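The values are calculated or read from the model by the stated rules, or taken from the named source; none is laboratory data. Quick caveat: nothing in here was measured; it's all calculated off a predicted structure. Note that each Cβ is placed from the backbone with ideal geometry, even for glycine, and that neighbours are counted across all protein chains shown. Ligands, DNA and RNA are stripped out before the accessible areas are found, and what is left, the full protein with its side chains, is counted by its heavy atoms. Shrake-Rupley method; radii C 1.70, N 1.55, O 1.52, S 1.80 Å.
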Amino acid sequence: QVQLVEFGGGLVQAGGSLRLSCVASGRTVSSYGLGWFRQAPGKEREFVGAVGWSMGITYYTDSVKGRFTISRDNALNTVYLQMNSLKPEDTAVYYCAAQYRANKLSRPLVDYWGQGTQVTVSS
C-alpha cells in the first residue's frame with residue numbers, strides 16, 4: 001500500500017505562484033509514474049501533469065504548459081508541482097496520483113490517490 005499526502009495548497013492572486021508537494025509513504029514509489037490531477041466544482045477530475053517512472057519524462061495538459069513544472073525526488077519519495085502565472089481557471093482541488101510503471105498517467109488506471117489540496121486563484 002502507498003499513502004500519498006499533499007501539501008502546499010492555498011489562496012493566491014492571479015499571476016502568483018504556488019508549489020505543491022506530495023509525499024509518499026508505505027513503500028518506495030520509484031517504480032511508479034507520479035502526477036497531478038485537479039477537479040473544479042461541477043467538473044470531472046482532469047489530468048494536469050505527470051513524470052514517468054523510468055526516464056523521468058514529463059507530460060502536461062495543454063492549458064498548463066509553460067506555466068507548471070512537475071518534478072520528482074525518488075530519494076525523498078516526493079513529487080512536486082510548481083505552478084506559476086496562476087489563473088482563476090486553475091482553481092480546483094489538486095490530487096496527487098501514483099500509477100505503477102506508468103509514464104503518462106491515466107485516471108482509470110491510477111493505483112493510489114492523495115486526499116487532495118485546495119488551490120484558489122483570485123482575480
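Calculated accessible area for the chain comes out at 50 Å² per residue, all protein chains present (probe 1.4 Å; ligands, DNA, RNA ignored). Debye-formula intensities of the range 46-123, expressed as log10 I(q)/I(0) at q = 0.19, 0.26 Å⁻¹, are -0.85, -1.49 (one equal scatterer per alpha-carbon, no solvent). Sequence-ordered 3J(HN,Hα) estimates for the range 59-73 from the Karplus curve with 6.51, -1.76 and 1.60 and θ = phi - 60° stand at 9, 9, 6, 4, 5, 10, 4, x, 10, 9, 9, 10, 8, 9, 10 Hz, glycine and proline given as x.
Cross-link reach is defined here as a Cα-Cα straight distance under 16 Å, omitting same-chain residues fewer than 8 places apart; for LYS65 the aspartates and glutamates meeting it are GLU46, GLU89, ASP90.
Give me the percent of accessible area attributable to carbon and sulfur for the chain, probe 1.4 angstrom.
Values: 3020 of 6150 Å².
Of the solvent-accessible surface of the chain, carbon and sulfur hold 49 percent.
Going from most exposed to least, what order do ASP73, ASP62 have by accessible area with a 1.4 Å probe? Before the final figure, lay out the partial values.
On the way: ASP73 55, ASP62 120 Å².
Putting ASP73, ASP62 in descending order of accessible area: ASP62, ASP73.
With q set to 0.12, 0.15 Å⁻¹, the log10 of I(q)/I(0) for the range 1-82, from the Debye formula over equal scatterers at the Cα positions, is -0.36, -0.56.
Between ARG27 and GLN3, the built amide H atoms are under 5 Å apart, and every one of these is 5 or more places off in sequence or on another chain.
Look at where the Cα atoms of the range 1-46 and of the range 71-85 average out, and the two centres are 9 Å apart. Couplings 3J(HN,Hα) of the range 82-98, computed from phi: 8, 10, 10, 6, 5, 10, x, 6, 7, 4, 4, 8, 9, 10, 7, 9, 9 Hz, in residue order, whole Hz [Karplus 6.51 cos²θ - 1.76 cosθ + 1.60, θ = phi - 60°; x for Gly and Pro]. Once both labels are positioned 7 Å from their Cα atoms along Cα-to-Cβ, the gap between GLN1 and THR120 label points is 3.2 nm. Ranked by the mean number of other Cβ atoms within 10 Å of their residues, highest first, the peptides 107-115, 74-82 come out as 74-82, 107-115.
Note that the range 14-30 has calculated 3J(HN,Hα) couplings of 4, x, x, 10, 9, 10, 9, 10, 9, 9, 9, 9, x, 6, 5, 10, 5 Hz, one per residue in order, obtained from phi through the Karplus relation 6.51 cos²θ - 1.76 cosθ + 1.60 (θ = phi - 60°); glycine and proline are x.
Here the contact order of the chain, divided by its residue count and restricted to Cα pairs under 8 Å and six or more residues apart, works out to 36 percent.
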